[in-house]
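The values are calculated or read from the model by the stated rules, or taken from the named source; none is laboratory data. Computed from a prediction, not measured in an experiment: that's the story for all the values here. When we count neighbours, we look across all protein chains shown, and the Cβ atoms used for this are built from the backbone with ideal geometry, even at glycine.
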Amino acid sequence: MFEYNCLEVFNQTVLEQFIKMKNVVLIGFMGVGKGSVAREVIKHSNYIAIDTDDLIESMENRKIKNIFAQEGEEYFRSLEKSVAQWLEKSVKNTLISTGGGFYKQKNLKKIGIIVLLDSPFDAIMKRIKEHPNAEKKLKKRPLLSNLEEARKLYEARRPDYLKIADVVIDVTNKSALESAKELLKKVKKYA
Ligand code: S3P
């Protein structure tokens, strides 16, 4: 009886902790550092992390750049929609990093707390170019192949990113760890 009660109390505490943890959905432009911040968040919290682009690549068993090249952007967006529906129904207590265009999903707000990683376009490009894997980072993102087009896309998207975000983190000149700590502090009030 005593053992049973202990277990029950323990389970309840663990359960309560998890119920309190809503999903956090990381949005922001390509290259802003969603993956790096997600890795720091999981090191310093109970969150586990998943990434919408990784899910799509697994579903399709091919790279995003090949999906774009072989099927076109519209097909890729339809995959994002399927992932968004699955996330809403089936995922809890998770940090979800998303591709830069995922914020357009109609059910985004139902998935979790929306956190925007924000930075000016030139700072994002500088960040990518200074990365040891810069070439790979550019190659895997078809929508960054033309810099002027990418700038236009950034300018068109930024007001919408800001509109949909519950929390905004300016990541300019911050390490991923600093941004992750700020994120954990700011999402607390939504828990
Ligand atoms: C895209 C961003 C990419 C990836 C795809 C399209 C976009 O993800 O989903 O190439 O529309 O901005 P990252 O933001 O992780 O680069």
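Just a few scattered comments:
- Helices (runs of 4 or more DSSP H) wholly inside the range 93-191 containing at least 2 residues that are over 17 Å from the mean Cα position of the chain (by Cα) and of a type outside the set (Phe, Trp, Tyr): 121-130, 134-139, 147-164
- The set of residues in the range 136-160 being within 26 Å of residue 41 (Cα to Cα) and away from the ligand (no atom under 11 Å from the Cβ) consists of 136, 158, 159, 160.
- Among the residues of the range 51-98, those identified as closer than 20 Å to residue 112 by Cα, near the ligand (Cβ under 10 Å from one of its atoms) and in contact with a helix residue (DSSP H, G or I) (Cβ under 7 Å, 6 or more places away or on another chain) are 51, 52, 53, 56, 79, 80, 97, 98.
- Near pairs, Cβ below 6 angstrom, 6+ apart or cross-chain, from the range 118-134 (in contact (Cβ under 8 Å) with a residue 60 or more places away in the chain) to any residue that is among the charged types (D, E, K, R): 118/170; 121/151; 128/137
- Residues satisfying the stated conditions in the range 90-110, i.e. β-branched (Val, Ile, Thr), over 18 Å from residue 170 (Cα atoms) and surrounded by 23 or more Cβ atoms within 10 Å (Cβ to Cβ): 96
- Filtered residues of the range 16-40 (kept if at pLDDT 95 or above and among the basic types (Lys, Arg)): 34, 39
- Among residues of the range 43-77, those that are over 17 Å from residue 25 (Cβ atoms), aliphatic (A, V, I, L, M) and surrounded by fewer than 17 Cβ atoms within 10 Å (Cβ to Cβ), counted: 2
- Condition met for residue 35 (assigned to a helix (DSSP H, G or I), in contact (Cβ under 8 Å) with a residue 24 or more places away in the chain and either within 11 Å of the ligand (Cβ to nearest atom) or within 10 Å of the chain's Cα centre (by Cα) (or both)): yes
- Considered as a group, the residues in the range 111-133 that are acidic (Asp, Glu) and more than 14 Å from the ligand (Cβ to nearest atom) include one that is surrounded by the fewest Cβ atoms within 10 Å (Cβ to Cβ), and that residue is 130.
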